[in-house]
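The structure under discussion appears below in the form of structure tokens.
Only the coordinates and a few stated rules stand behind these numbers; no lab work does. Keep in mind that this is a model prediction, so the values were computed, not measured.
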């Protein structure tokens, strides 16, 4: 199962007309990377939950065939949380070991190694973790002897050394059908607060697998831009342009991500920017370290509480990114 129901408030305004997993990363929807990741390990029948802008995920993934999978969609008229979503898809998941992955990551963590840990532990669930070497703002995961003990707050760099970094949850988990015994039926619930503590208290084994490898999490606009530029740089490129884009030969466009049907006129300068669908940057305009979407997409809308602030400039809505 790929969890794809979230709004993506910290990615707004890019998520005004689509959900977070449907945003494009170098021409491919973010959720498509997750589908391909699962397909590489033989997980080729996938359930995807939908809530915010559900049609955006359906358009992005289709029937799943171009990503090597067969998809089942399950809608949530009201958001149900990470474990409530699993309960809502129970009829498609119950009966066999299954994997749940957050729809906002790009990773190459070895899932087979995690399965080995899971089966060796005879666990009801196994959470895939990574060392949080940079002490980024991801919740602490407390473990002992390969088992989950609980979750904590955000790590403080001074509390850890390079040889003993905190652990963080990657959003990848392997589950047995017995987990449904601990998921409340038909209500909002989260795995980390409502399910795993209850299972552990009842004597169940919840294991952890500390993996290695690439794990990119795209939950904020700065992360989205930085990771896009990182992936571009690995191919020796600095610019991603979607279909139907027109860039004047007299424009200077670099270190940027252009979605579909973007137009950049002569003598405009664009650097470290994300330009949404159908945006036009007029002649002589300068856009640097910012996100730009069409003003018509945003006008009259209320920004989510966690969203960055933006301003209207002509036909565009511009969100500056802090240095």
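Separation of the range 139-181 from the range 19-76 is 27 Å, based on Cα centroids. A Stokes-Einstein calculation at 4 °C with viscosity 1.567 mPa s, built on the Kirkwood radius of the range 87-237 over Cα pairs, returns a diffusion coefficient of 77 µm²/s.
The orientation-averaged shadow of the Cα convex hull for the range 1-117, equal to a quarter of the hull surface, comes to 7.3 nm². Computed from the alpha carbon positions, the gyration tensor of the range 262-323 leads to an equivalent ellipsoid with semi-axes of 20, 14, 8 Å, biggest first. Residues considered: 63, 96, 110. Largest GNM mean-square fluctuation over the chain, using C-alpha springs under 10 Å, is found at 96. Kirkwood's formula applied to the C-alpha pairs of the range 239-298 gives a hydrodynamic radius of 10.9 angstrom.
I need the Debye-formula profile for the range 49-149: one equal scatterer per C-alpha, no solvent, reported as log10 I(q)/I(0) at q = 0.13, 0.17, 0.21, 0.23 1/Å, two decimals. Scattering profile of the range 49-149, log10 relative to I(0): -0.66, -1.09, -1.38, -1.43.
Full extension of the segment from residue 110 to residue 235, taken as 0.36 nm per residue of separation minus the current Cα-Cα distance, would add 42.7 nm.
Taken over the alpha carbons of the range 159-233 as equal point scatterers, the Debye sum produces base-10 log I(q)/I(0) values at 0.12, 0.24, 0.28 Å⁻¹ of -0.56, -1.14, -1.30.
Taking all Cα-Cα distances within the chain, those exceeding 38 Å account for 19%. Working from Cα pairs under 8 Å separated by at least six residues, relative contact order for the chain is 16 percent.
Over the range 200-321, what relative contact order in percent results from Cα pairs under 8 Å that are six or more residues apart?
Over the range 200-321, the number comes to 15 percent.
Antiparallel as a % of all DSSP beta bridges within the range 2-217, to the nearest 5? Could the numbers behind the result be given before it?
Details: 22 of 37 bridges.
If we restrict to bridges inside the range 2-217, about 60 percent are antiparallel.
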